[in-house]
Amino acid sequence: MSDDGEMTPSRPVRIAARTVAVSVFLLLIAGALVTSTGSGLAVPDWPLSYGKLMPPMVGGILYEHGHRMIAATVATMVGLQILVLGFRRTDRTTFRLGLAAFGAILAQAVLGGLTVLFLLPPAISSAHAGLAQIVFALTATIALRTSLFWARFTDAAPRAAVEHGLRARASRLALWAAGATYVQILLGAIVRHTGAGLAIPDWPLSFGKVVPTGAEWAGDGVLAHFTHRTFAWAVAALVVAAALALRKLDALPGLRRLSTLWLVLVALQVALGATSVWTTKAVWATSAHLAVGGLLWIAGVLAAVLLARAAALSPDAAVAEAGEPQEAAA
Amino acid sequence: MRPDFRSGASKSMKTFPAFRPLRGGLVPLAFLIAACSPKAPEASKVPAGPPGKLGTAAVAGRVILEGVPPANTRVTMTTDPFCNGRHPGETEMPEVAVGSEGALENVLLRVTEGASGVYPAPAEAKTLDQKGCAYSPRVLAIMTGQPLKIVSSDATIHNVHAAAKENRAFNLGMPAPGARYTRTFEKPEIVPFRCDVHPWMRAFVAVVPHPFFAVTGADGRFEIRGLPAGTYTVEAWHEKLPTQTFTLTLADGQAATRDVVFSAVPSA
Ligand code: HEM
């Protein structure tokens with residue numbers, strides 16, 4: 001195993017990592033459909049389903065048991081990915097990310113089982129939603145670090161004419177944007193799992209006003225729902241600022257495209273949030289809102305990872321590293 | 001032996017071998033969650049207090065809905081061939097079921113003030129059936145401690161999810177016709193029941209601490225008997241319409257008549 005990301009991974013590694021990341025995304029959509037169709041308790045037992053490996057796939061069982069089957073397949077794939085990463089000599093960090101992803105998906109299965117057995121307590125269901133996005137981030141980062149693009153980026157970064165200040169600023173903004181998106185995902189999970197999705201029936205206004213008043217606050221879920229829809233503006237502002245900062249780093253490959261994608265995703269996500277309200281939670285709208293929320297978060301994670309990589313490989317980082325022993329000796 | 005698909009955390013965890021290595025961490029976690037849950041299981045208690053009295057007064061009447069009834073939900077049952085066979089095409093859910101001359105079905109009438117003391121629960125069970133992918137009856141009232149028998153007459157799979165708040169919530173699997181469970185509830189509340197396999201299925205089981213209640217049939221009629229002389233507040237509850245109350249004073253042997261009128265809220 002090599003040190004961090006120094007070699008171009010072989011084709012099987014690249015294919016495996018990409019397949020795993022895409023499968024995790026599909027699993028996320030399958031999970032979204034379970035909640036959006038209200039099928040979370042269509043199978044009352046776990047790990048078996050009505051005491052069987054394969055119950056009749058009717059009604060809500062199709063979504064709940066289908067989600068379980070897809071999850072079992074994807075968890076196996078994440079486990080096998082460790083073997084591929086280990087045997088095909090990827091770098092140490094990527095291998096550790098593979099281990100972390102497997103640990104996280106096992107914990108995810110336990111949370112999924114517990115939430116069924118305890119009849120969907122919002123805390124466990126929200127934790128299940130939050131950990132799903134961590135698994136997605138880990139597998140997407142592995143796919144990035146094992147891609148040909150990563151090798152090209154690694155090649156170009158030390159020679160890229162990028163101003164240190166601009167890069168550091170973009171890096172900070174990307175971290176803030178990704179962090180805020182994750183917080184927003186958790187807030188969204190609370191809204192969804194406490195049944196507060198329609199606590200405020202209109203959008204962009206709330207009960208016809210900018211801020212709810214008086215007795216409106218006493219309504220079930222109004223506070224959680226209002227926090228989620230208001231924090232969305234902070235997320236959108238941070239994502240726009242970070243995406244614009246990425247555009248100033250033209251010398252680094254891929255960042256302009258990532259920036260465009262990020263801007264499109266944030267606009268789409270706000271529109272889907274609004275559509276979830278306007279359609280009184282149409283299954284397609286709430287599921288797409290969860291899925292695009294995941295993509296928005298991944299765009300932030302990948303931006304932050306790439307900028308950290310660029311910082312580590314930049315000429316000023318090399319100078320700083322070379323300077324350190326001298327300073328220590330002095 | 002019939003398999004039990006109860007959603008009981010401790011039971012299911014014990015039967016899953018893959019859990020064993022994780023048990024050290026999971027068991028305390030499960031206890032923590034159970035301890036934090038407001039619905040922690042409670043031992044069935046015999047309520048203490050002076051015995052409640054029975055009398056000879058009664059109140060009867062009719063519940064009607066005035067105005068245009070609100071539109072009921074319409075569903076298609078294509079996700080399950082069995083249900084779709086029973087109800088092909090679009091089916092209207094009997095949320096607001098209005099008969100001739102405005103007779104309103106499925107209204108629960110219960111005394112909320114005026115009855116005191118402890119009443120023993122009847123030993124005979126009341127039955128909640130699942131028939132043609134609907135609960136039958138949709139609204140059912142039982143006494144605290146009275147057995148509720150849950151059965152399925154359908155040749156399809158159902159789950160019975162009782163979303164109780166005051167009592168312990170549960171979720172039971174009913175994989176085949178003939179499956180049956182018996183449950184009791186110790187605290188008064190109206191427990192919503194749903195089937196998550198067939199999300200249109202809804203029932204409401206009212207748990208009342210005394211025998212002074214009734215549920216209207218298709219003719220909208222009700223009768224509450226055996227009341228001792230006194231002043232009572234009676235609540236008329238409907239799953240969709242705002243609750244109504246009335247107060248009346250009854251003498252021994254009196255048979256009072258009270259009609260209850262719900263007004264359909266004009267749709268905007
Ligand atoms: C731009 C940032 C946003 C992000 C990242 C985001 C993310 C999410 C996520 C991930 C969920 C589902 C959580 C889960 O169960 O796993 C969710 C739920 C929800 N979000 Fe957002 N959201 C955003 C903006 C908005 C906006 C502007 C609205 C408008 C009101 C909105 C309305 C909702 C609603 C109603 C739900 C619950 C849907 C349901 O009950 O099924 N969101 N959000």
Among the residues of the stretch B:149-169, write down those that are within 18 Å of the chain's Cα centre (by Cα), within 13 Å of chain A (Cβ to nearest Cβ) and surrounded by fewer than 22 Cβ atoms within 10 Å (Cβ to Cβ). B:Ala163, B:Ala164, B:Lys165, B:Asn167, B:Arg168, B:Ala169
Kindly indicate which of B:Arg62, B:Arg110 is in the same structural domain as B:Val197 (by TED's automatic domain parsing), crowded, with 20+ Cβ neighbours inside 10 Å and under 30 Å from B:Arg225 (Cβ atoms). B:Arg110
Taking the conditions exactly as written (within 29 Å of A:Pro158 (Cβ to Cβ), hydrophobic (A, V, I, L, M, F, W, C) and within 16 Å of the ligand (Cβ to nearest atom)), does A:Ala299 satisfy them or not? yes
Qualifying residues in the stretch A:180-208 (those that are free of Cβ contacts under 8 Å to residues at least 24 places away in the same chain and in contact with a helix residue (DSSP H, G or I) (Cβ under 8 Å, 6 or more places away or on another chain)) - the one nearest to the ligand (Cβ to nearest atom): A:Ser206
Given the conditions (1) within 16 Å of the ligand (Cβ to nearest atom); (2) free of Cβ contacts under 8 Å to residues at least 12 places away in the same chain, which single one is not true for A:Leu111? (2)
Matching strands (runs of 3 or more DSSP E) fully within the stretch B:199-268 where at least 3 residues are over 30 Å from B:Val75 (Cβ atoms) and in contact (Cβ under 8 Å) with a residue 60 or more places away in the chain: B:221-227, B:230-237, B:244-250, B:255-257
When the stretch A:37-57 is examined, which residues are found to be within 11 Å of chain B (Cβ to nearest Cβ) and either more than 12 Å from B:Cys195 (Cα to Cα) or charged (D, E, K, R) (or both)? A:Thr37, A:Asp45, A:Trp46, A:Pro47, A:Leu48, A:Ser49, A:Tyr50, A:Gly51, A:Lys52, A:Pro55, A:Pro56, A:Met57
All but one of (1) among the aliphatic types (A, V, I, L, M); (2) buried (at least 19 other Cβ atoms within 10 Å of the Cβ); (3) touching a Ser or Thr at 6+ places or on another chain (Cβ under 7 Å) hold for B:Ala125; state the number of the condition that does not hold. (2)
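Residues of the stretch A:114-126 being within 13 Å of chain B (Cβ to nearest Cβ) and touching a residue at least 24 places away in the same chain (Cβ under 8 Å), which ones? Walk me through it before giving the result.
So the first thing to find is which residues in the stretch A:114-126 are within 13 Å of chain B (Cβ to nearest Cβ), and the list is A:114-125.
Those that are within 13 Å of chain B (Cβ to nearest Cβ) and touching a residue at least 24 places away in the same chain (Cβ under 8 Å): A:Thr115, A:Val116, A:Leu117, A:Leu119, A:Leu120, A:Pro122, A:Ser125.
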Would you check which residues across the stretch B:170-186 are at pLDDT 95 or above, in contact with a Leu (Cβ under 9 Å, 6 or more places away or on another chain) and either acidic (Asp, Glu) or buried (at least 16 other Cβ atoms within 10 Å of the Cβ) (or both) and list them? B:Phe170, B:Asn171, B:Tyr181, B:Arg183, B:Thr184, B:Phe185
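The values are calculated or read from the model by the stated rules, or taken from the named source; none is laboratory data. Note that the structure is a prediction, hence the values are computed from the model and not measured. In this analysis, Cβ positions are derived from the backbone assuming ideal geometry, glycine residues included, and neighbour counts consider all displayed protein chains.
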